[in-house]
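Every number here is computed from the coordinates shown, using simple stated rules; none is lab data. Note that the coordinates shown come from a computational prediction; the quantities given were computed from them, not determined experimentally. Here the Cβ positions follow ideal geometry from the backbone for every residue, glycine too, while neighbour counts run over all protein chains shown.
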Amino acid sequence: MQRIRFYVGENKHVRIRIHARNNEPFVIRNATWELKSSYETEASGECFIDGTVIDAQIAPKKRLEYKLYITYKVADETLMECIEVVTE
């Protein structure tokens, strides 16, 4: 799992690039994000999609360790990525 750091009060973009294991072309139909701490959702929203890059803009409010869940749809599949967010 990837880990990124924030300072309380920062509002930044978190971007991930998606690629197909078989290198075939694909389209990301939609994507959402959810910022959770201890299974409580602090914030959520829609992601921006630019080709194969998914962009979530987040602003953690507390000094905690969060999990950022990015859920996206490709063809008939729903996939998720999880990134650990540590706020200082």
Rounded to whole Hz, the Karplus (6.51, -1.76, 1.60) HN-Hα couplings of segment 71-83, x for glycine and proline: 10, 9, 10, 10, 6, 9, 10, 10, 10, 9, 10, 10, 10
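Roughly speaking, what is the stretch gain from residue 88 to residue 62, that is 0.36 nm per residue apart minus the C-alpha to C-alpha distance, in nm to one decimal?
Numbers: separation 26, 0.36 × 26 = 9.36 nm, distance 0.81 nm.
Using 0.36 nm per residue and subtracting the Cα-Cα distance, I get 8.5 nm.
Please give the charge dipole size of the chain, origin at the Cα centre, charges +1 on K and R Cβ atoms and -1 on D and E Cβ atoms. Round to the nearest 20 debye. Walk me through the intermediate numbers first.
On the way: 13 positive and 14 negative charges, 50 e Å.
Value, rounded to 20: 240 debye.
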Distant alpha-carbon pairs in segment 14-55 (separation over 16 angstrom), percent: 46
Inter-label distance for residue 7 and residue 30, nm, one decimal - labels placed 7 Å from Cα along Cα-to-Cβ: 3.7
Which of 38, 18, 71, positive extreme of dipole for the chain (C-beta unit charges): 38
Expected-Rg normalisation [2.2 N^0.38 Å, Cα atoms] applied to segment 2-87: 1.11
Relative packing of 13-25, 54-66, which averages over residues the other C-beta atoms within 10 Å, highest first: 54-66, 13-25
Relative contact order (percent, whole number), the chain, Cα cutoff 8 Å, 6+ residue spacing: 40
